[in-house]
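Q: I have a structure here, written as structure tokens, and I will follow up with some questions on it.
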Amino acid sequence: MKSDFWDQRFGSDAYAYGVAPNTFLAETLPALVPLPADVIELGAGEGRNAVFFAEQGYRVTALDYSRAGIEKTQRLAASRGVAVETIHADVLRWRPERRWDAVLLSFLHLPPPARPALYRKIREILAPGGALVAEWFRPEQITEGHKSGGPPRLEMMVTEEELRAHFPEAGIRRLESVTRTLDEGAHHAGSAAVVRLVWQAPE
Ligand SMILES: C[S@@+](CC[C@H](N)C(=O)[O-])C[C@H]1O[C@@H](n2cnc3c(N)ncnc32)[C@H](O)[C@@H]1O
């Protein structure tokens with residue numbers, strides 16, 4: 001597991017990306033997936049999104065390969081009086097045995113050879129009619145010189161073209177490249193070039 005980097009980043013008491021949810025996820029999911037519903041975030045980090053959605057009444061699972069991230073997710077959930085199921089696993093090796101009504105991704109950046117398997121897994125774990133809500137940095141985060149965070153290598157970025165190649169057109173509810181301002185703790189702050197996908201599995 002290449003989780004050492006993340007264990008180190010999450011090693012202090014501070015929450016690297018804050019404790020407020022990703023605003024795109026927070027605005028998008030409730031209109032798309034009504035309660036009650038089962039939701040999983042892959043690469044959930046320190047749990048800011050997972051805990052927020054648990055507070056909204058979703059049954060939430062948070063998966064991450066950083067032990068420190070999982071521990072902080074549990075701590076944040078306990079401090080807010082909600083339950084979040086946590087899975088400590090590398091998403092690429094993980095063998096899920098059930099499905100979810102929604103899959104959330106918030107800046108989960110994997111190397112190019114790993115991404116097709118991630119996209120396939122997302123399609124497999126979505127229940128019929130279930131939704132993926134996802135946001136990543138796109139290549140312009142580097143080429144336009146945005147300083148708000150994200151991986152330093154171009155090949156880790158995600159494009160609309162790549163997403164169109166892996167998610168059937170009929171399910172695409174929203175696919176957009178936007179520049180927005182991040183205010184998510186010390187590591188995501190300032191203008192950012194992002195790509196967003198909302199995709200719905202067939203009924
Ligand atoms: C930029 S952080 C984002 C965390 C969280 N989604 C958020 O928005 O606050 C990326 C997260 O992905 C996790 N991650 C990266 N590769 C992973 C993998 N192969 N399996 C599981 N988690 C992974 C890291 O441990 C880290 O927590």
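Quick note: the coordinates plus some simple rules give every number you see, no bench work behind them. Small disclaimer: the values here were computed from a predicted structure and weren't measured. All Cβ positions, even for glycine, are placed from backbone atoms using ideal geometry, and neighbour counts span all protein chains on display.
Q: What's the exposure ranking of R164, R98, R123, going from fewest to most Cβ atoms within 10 Å?
A: Placing the least packed residue first, the sequence is R98, R164, R123.
Q: Oh, and also: Which of F53, F24 has the fewest other C-beta atoms within 10 Å, and how do the rest follow up to the most?
A: F24, F53
Q: Turning to a different aspect of this structure: Want the number for D13 to E124: 0.36 nm per residue separation, take away the alpha-carbon distance, what's left?
A: Once the chain is fully extended between D13 and E124, it gains 36.4 nm.
Q: Between L35 and E71, what FRET efficiency comes out of the Förster formula 1/(1 + (r/R0)^6) with R0 = 25 Å and r the beta carbon distance, rounded to 0.05?
A: The value I calculate is 0.35.
Q: Simple spin-label model, 7 Å along Cα-to-Cβ: A20 to E55 in nm?
A: Placing both labels 7 Å along Cα→Cβ, they lie 1.1 nm apart.
Q: What's the FRET efficiency of L175 with R153 using the Cβ-Cβ distance as r and R₀ = 30 Å, to the nearest 0.05?
A: For R0 = 30 Å, the calculated efficiency reads 0.85.
Q: Another question, if that's okay. How large is the helix-only mean residue ellipticity at 222 nm for the chain, computed as the sum of -39500 (n - 2.57) over DSSP H runs with n ≥ 4, divided by its residue count, in deg cm²/dmol to the nearest 500?
A: Calculated from helices alone, the mean residue ellipticity at 222 nm is -8500 deg cm²/dmol.
Q: Restricting attention to the stretch 1-70, which trypsin sites (Lys or Arg not before Pro) occupy a DSSP loop and are surrounded by at most 13 other Cβ atoms within 10 Å?
A: K2
Q: Let me ask something else. Tell me the GluC sites (Glu not before Pro) within the stretch 23-132 that lie in a loop according to DSSP and have at most 14 other beta-carbon atoms within 10 Å.
A: Qualifying residues, ordered by number: E97.
Q: Can you classify the chain as rounded, prolate or oblate using the Cα gyration tensor, where a ≥ b ≥ c are the square roots of its eigenvalues, rounded means a/c under 1.5, and otherwise it's prolate if a/b beats b/c and oblate if not?
A: Note, shape of the chain comes out rounded.
Q: While we're here: At a threshold of 8 angstrom on Cα-Cα distance, excluding pairs fewer than six apart, so keeping six or more, what relative contact order does the chain reach in percent?
A: Relative contact order comes out at 20 percent.
Q: Same structure, new question: In the stretch 1-32, whose amide N lies under 15 Å from the spot 7 Å out along Cα-to-Cβ of A114? List them in ranges.
A: Only 1-8 fall inside the zone, counting backbone N under 15 Å.
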